[in-house]
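For reference, the structure discussed in these notes is given below.
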Amino acid sequence: LVGETPFTADLTGAARPGGEQLLAVRITNPGGRMEWNDTTSFRWGKYLFPTSHGFGGLDGGIYAEALPPVYVEDLFCMNRPDPREVTLRIQVRNETGKPLEARLLAWIHPEGLPGKKEVSRRVSGRLAPGVTVLEETFRLPRARLWSPDHPFLYKACVLLRPGGNLPSDGTTRRFGFRWFEARGVGEDARLYLNGRQILPVSAISWGFWGPNGLWPDEEGARKEVRAAKALGLTMLNFHRCVGRPAVLDAQDELGLLRYEEPGAGERILAPRDREHWGLLYAPSPKGPVDTSGRGGEPKSFAARYELAKVLAMVRRDRNHPSLVLYCLQNEIWPDLRNPKIFYTLRRMHEIDPTRIILLKSGIEPRNQAWVEPYPGRIRHDDGTGFSGWWDRHTVGGPGLLTDSFYRGPRRMTPWTENKKEIVMWGEMLGAPTPDDHRAVLSWYGRTGRWGYDRADRARILAGYRGFLSRWGFNRAFPSPSDLFRSAGDRAYAFWGRVVENGRIGGLTDLMVLSGWESTTIDNHSGLVDCHRNLKGDAELLRRYTRPFLLSLKARNLVVGKGAPLLFDVYLAGRSPSRGKALLLLRARDPKGRILRGWKKEILLPDPPENRLAASLLAEGLSFAPDVPGFWRIEGDLRTGERSLV
């Protein structure tokens, strides 16, 4: 019954050995939705279902396999706090009905180099009837670590040789050596990957894909990763929806982090009705909170259905190195006295003890609960709103840059002074931007394919053509694509400045732009369309995500002629150098002439090697533009003859 996750069926009693088989799969769409809302339900007879996406099909491949009486049922490559260490959790099923001796060989090799065994081990033991779980830990001192910049992959292989003349069995899993964690909670909280601080920049993806709506082919998945990296993003969110295996495969291979929500996770905790509203939206807890999960096992069909989906998602995706965070539900702040919360978080952690698991994301930071990796410490709102993971949503606009976004140091959007918690802006602002409908329709014309969005796009494009012609706007925008690309450039420039503010503020740990892909139904605030085409010049956003950023911030975007314009100068990121440097600044008039210059010797920030820097270099510099037009402030940071940025 569970949609959007893997399922298996035992065919032993139905298969006809040696004959032709017919496999029938019924695909339904309980209350299929075409937009973001995962909080609605659908009644089917006496059953209540959380709604899922409004498309159906078999997207992850389908296969049958003949298994021996003793076989390897599962293999989980468990990353460790030492990033060059991995524990193989091997699950063996013995269906002979009696205990038996078996030998097991496990080894690891770089992907694509099966003959290059980095490490191997032989294990002998006794397998009881049913399921036996074995764990073997390996350390590779020279293992190449997985990261977005260097997505190096390995394969773990297991060969099982049971006694009693039973046939052998084996399996393989792809993984990466890496470790993602939160450090310094309560003092100086930061996110780290492989021991180095990172500040991921992400965007929320609602999981809609052209042309079929629900999932990508291999090239579509890789196109998504390439688009994100072109914009300078380092992460994407599966938002209110289970992720797609092809997407995670592409992110593993090309290097992009991922955050995953199941969609409708709140249904495990409470029905969305007036009677239970307080379970989903409550004040911070008063008094102790029982995190044991006792008495929290879900009873209703909808809750059990959703829990099965969540646990299947965790089990399916836990070997992907690109996946670093799970989150149960978006935009709730539930009553932490509900034992279903901690029952669910603990069940997720049992299946995957290697990742951070969040109860929720925004809107308000309060009533957060989250699980740290090994040994599984649960942190939660202590009654004051403090949990160690602070996540606020500011979704809603305005979609273009205004003076209010930067008024000076400590007066910018986003801004936080919260040093003790991980600060995540889970849904930031918004910038509604049309797709380039002509480009998508041209692709449909070239390929001859059908798509769920094709007819809508044709009608939208015709409407834009008529609008531009009727009002004479085609003098500025000769074709609708000219307008679409101009709007896309404006959106990318807006998002770039938002990311810049988050970086120079120094205490933001994770930024999530709202959002990633547009759809024909909803959520037009997308950086790309549902075919993952860029909407403008990617450099307008990417320039603000560079590893080392020199930031020149004007306190006003528009000033009167002759009035002073104040600006400030910041550095953010990892400096490629240490020691003294020379800061050169220039103000140019509309004709490119230098009105004024500044020169200042500075000491480059010198944080520990694994930390990011953010520092204010100069505050309140000013000049008075004396002619109308567009003025420009330029900066150059130099060490000797070398320009750093």
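The numbers here are math on the coordinates, done by the rules we state, and not lab data. Everything numeric here is computed off the predicted structure, so don't read it as measured data. Here Cβ is always computed from backbone atoms with ideal geometry, including for glycine, and neighbour counts include all displayed protein chains.
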**Message:** Nearest 10 degrees is fine. How inclined is helix 339-351 to the longest principal axis of the chain, computing both from alpha carbons?
**Reply:** 80 degrees
**Item:** Highest-first arrangement of 266-278, 57-69, where packing means the average Cβ count within 10 Å
**Value:** 266-278, 57-69
**Request:** Quote the charge dipole size of the range 70-175 about the Cα centre in Debye, to the nearest 20; the model charges only the Cβ of Lys and Arg (+1) and of Asp and Glu (-1).
**Result:** 320 debye
**Complete:** When LEU584, LEU550, LEU256 are ranked with the fewest other C-beta atoms within 10 Å first, the list becomes LEU584, LEU550, LEU256
**Prompt:** Using 7 Å Cα-to-Cβ label points, what is the LEU105/SER120 separation (nm, one decimal)?
**Reply:** 0.5 nm
**Message:** With both bridge residues required to lie in the chain, what share of the DSSP beta bridges run antiparallel, to the nearest 5%?
**Reply:** 75 percent
**Request:** Quick one: which residues, 5 or more positions from VAL119 or on another chain, have an amide H under 5 Å from its amide H? H modelled 1.01 Å from N in the peptide plane, none for Pro or chain starts.
**Result:** ILE108
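Provide the FRET efficiency to the nearest 0.05 for the ASP273-ARG315 pair, computing r from the beta carbons and using R0 = 35 Å.
Working: r = 31 Å, r/R0 = 0.87.
With R0 = 35 Å, the Cβ-Cβ based efficiency is 0.70.
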**Asked** Taking neighbour counts of Cβ atoms within 10 Å as a proxy for exposure, in what order, fewest first, do TRP209, TRP179 appear?
**Response** TRP179, TRP209
**Prompt:** Under the Kirkwood approximation applied to all pairs of distinct alpha-carbon atoms, what is the hydrodynamic radius of the range 548-643 in Å?
**Reply:** 14.4 Å
**Asked** At each listed q (0.14 Å⁻¹), what is the log10 of I(q)/I(0) that the Debye formula gives for the range 70-175 modelled as equal alpha-carbon point scatterers?
**Response** -0.56
**Message:** Calculate the FRET efficiency for ALA462 and ASN165 from the Cβ-Cβ distance with a Förster distance of 45 Å, rounded to the nearest 0.05.
**Reply:** 0.05
**Item:** For the range 401-416 and the range 21-66, distance of Cα centres in Å
**Value:** 45 Å
**Complete:** Straight-line reach check, LYS46, cutoff 17 Å on alpha carbons, 8 or more apart in-chain or any other chain, hits among lysines -> LYS299
**Listed pairs LYS286/LYS309; LYS420/LYS580; LYS553/LYS600; LYS286/LYS360; LYS340/LYS420; LYS561/LYS591 exceeding 21 Å between Cα atoms** = LYS286/LYS309; LYS420/LYS580; LYS340/LYS420
**Request:** Of the listed values (1) 1.00; (2) 1.19; (3) 1.04, grab the one calculated as Rg/Rh (Cα atoms, Kirkwood Rh) from the structure here.
**Result:** (1)
**Request:** Determine the calculated [θ] at 222 nm for the chain from helices alone, applying -39500 (n - 2.57) to every DSSP H run no shorter than 4 residues and normalising by the residue count; nearest 500 deg cm²/dmol.
**Result:** -5500 deg cm²/dmol
**Message:** For a quick check of your reading of the filter: which trypsin sites (Lys or Arg not before Pro) in the range 1-65 sit in a DSSP loop and have no more than 15 other Cβ atoms within 10 Å?
**Reply:** ARG26, LYS46
**Prompt:** Put +1 on the Cβ of each Lys and Arg and -1 on the Cβ of each Asp and Glu in the chain; which of VAL131, LEU604, SER481 then has its Cα farthest toward the positive end of the dipole?
**Reply:** LEU604
**Asked** Taking the Cα centre of the chain as origin and charging only Cβ (+1 Lys, Arg; -1 Asp, Glu), how large is the dipole, in debye to the nearest 20?
**Response** 1160 debye
**Request:** Within the range 457-541, list the chymotrypsin sites (Phe, Trp or Tyr not before Pro) lying in a DSSP loop whose Cβ has at most 16 other Cβ atoms in a 10 Å radius.
**Result:** TRP471
**Fill in**
Charge dipole of the range 211-294 built from unit charges on the beta carbon (Lys, Arg +1; Asp, Glu -1), centred at mean Cα; most positive-end Cα among LEU214, LEU233, PRO283 is PRO283
**Distance between the range 479-541 and the range 348-398 - C-alpha centres, whole angstrom** = 26 Å
**Message:** Can you divide the C-alpha Rg of the range 1-144 by 2.2 N^0.38 Å and report the result to two decimal places?
**Reply:** 1.46
**Item:** Debye log10 I(q)/I(0) for the range 398-533, one point scatterer per Cα, at q = 0.09, 0.11, 0.21 Å⁻¹
**Value:** -0.36, -0.51, -1.20
**Asked** Using modelled amide H (1.01 Å from N, peptide plane; none on Pro or chain starts), what sits under 5 Å from the amide H of PHE623, excluding residues fewer than 5 places away?
**Response** LEU565
**Fill in**
Computed over the range 548-643, the relative contact order (Cα-Cα under 8 Å, seq sep at least six) in percent reads 37 percent
**Prompt:** Taking the Cα centre of each part, how many Å lie between the range 548-622 and the range 266-293?
**Reply:** 48 Å
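Going by how many other beta carbons lie within 10 Å of each one, how would you line up TRP425, TRP450, TRP443, fewest first?
TRP450, TRP443, TRP425
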**Message:** Just to confirm the filter: which trypsin sites (Lys or Arg not before Pro) across the range 447-490 are DSSP coil and have at most 15 other Cβ within 10 angstrom of their Cβ?
**Reply:** ARG449
**Over the chain, relative contact order from alpha-carbon pairs under 8 Å, at least 6 apart, %** = 11 percent
**Message:** Using the Kirkwood radius over C-alpha pairs as Rh, can you work out the diffusion coefficient of the range 370-428 via Stokes-Einstein at 10 °C, viscosity 1.306 mPa s, in µm² per second?
**Reply:** 115 µm²/s
